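Inspection log for the structure reproduced underneath, given as structure tokens.
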């Protein structure tokens with residue numbers, strides 16, 4: 001009888017430890033996701049099937065740097081990270097594989113600078129529509145963001 005009571009107690013302790021470990025893991029993931037804030041997410045879109053440009057501000061409130069490595073949206077076949085620049089009076093645009101955002105840093109994605117390129121629309125979109133986007137980070141963190149479709153003239 002004593003062995004049975006000891007086994008039941010051991011099982012309860014093991015279950016509590018397992019539940020505590022699971023709660024800690026889940027809380028750590030939530031805390032990490034809360035260290036990134038996005039504001040003013042806009043998708044500048046021309047008529048037709050031309051690529052769109054995504055602009056926003058990303059604020060890393062966490063204690064460690066994060067690295068943006070990509071983005072995806074069900075409304076587009078492809079989303080890429082790009083940067084625009086000017087050299088000798090000529091405008092250039094290059095694809096980037098990643099952008100590191102230091103702890104406490106605000107990183108702006110803006111016209112004539114860093115932006116997301118939304119390519120090959122899957123569905124028709126109009127000014128005023130919302131587009132779901134997921135920002136992807138090197139630590140496998142994903143941050144869902146809603147972009148508002150705007151006219152390039154408003155930028």
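The numbers here are math on the coordinates, done by the rules we state, and not lab data. This is a predicted model, so every value here is computed, not measured. Neighbour counts run over all protein chains shown; Cβ positions are idealised from the backbone, glycine included.
Length gain on complete extension for the stretch residue 92 to residue 120, per 0.36 nm per residue less the alpha carbon to alpha carbon distance? Walk me through the numbers before you get to the answer.
On the way: separation 28, 0.36 × 28 = 10.08 nm, distance 2.07 nm.
Result for the pair: 8.0 nm of gain on full extension.
Principal axis extents of the Cα atoms in the stretch 36-154, from largest to smallest and rounded to whole angstrom, are 42, 37, 23. Three principal axis extents describe the C-alpha atoms of the stretch 89-149; from largest down they are 38, 36, 19 Å.
Spin-label model, residue 102/residue 50: points 7 Å from Cα along the beta carbon direction are separated by 3.7 nm.
Taking a quarter of the surface of the Cα convex hull of the stretch 67-110 gives a mean projected area of 4.4 nm².
Each peptide in 124-133, 91-100 was scored by the mean count of other Cβ atoms within 10 Å over its residues; highest first, the order is 124-133, 91-100. The order of the peptides 78-88, 48-58 by mean Cβ neighbours within 10 Å, most packed first, is 48-58, 78-88. Across the alpha-carbon set of the stretch 37-103, the Rg to Rh ratio works out to 1.00, Rh being the Kirkwood radius.
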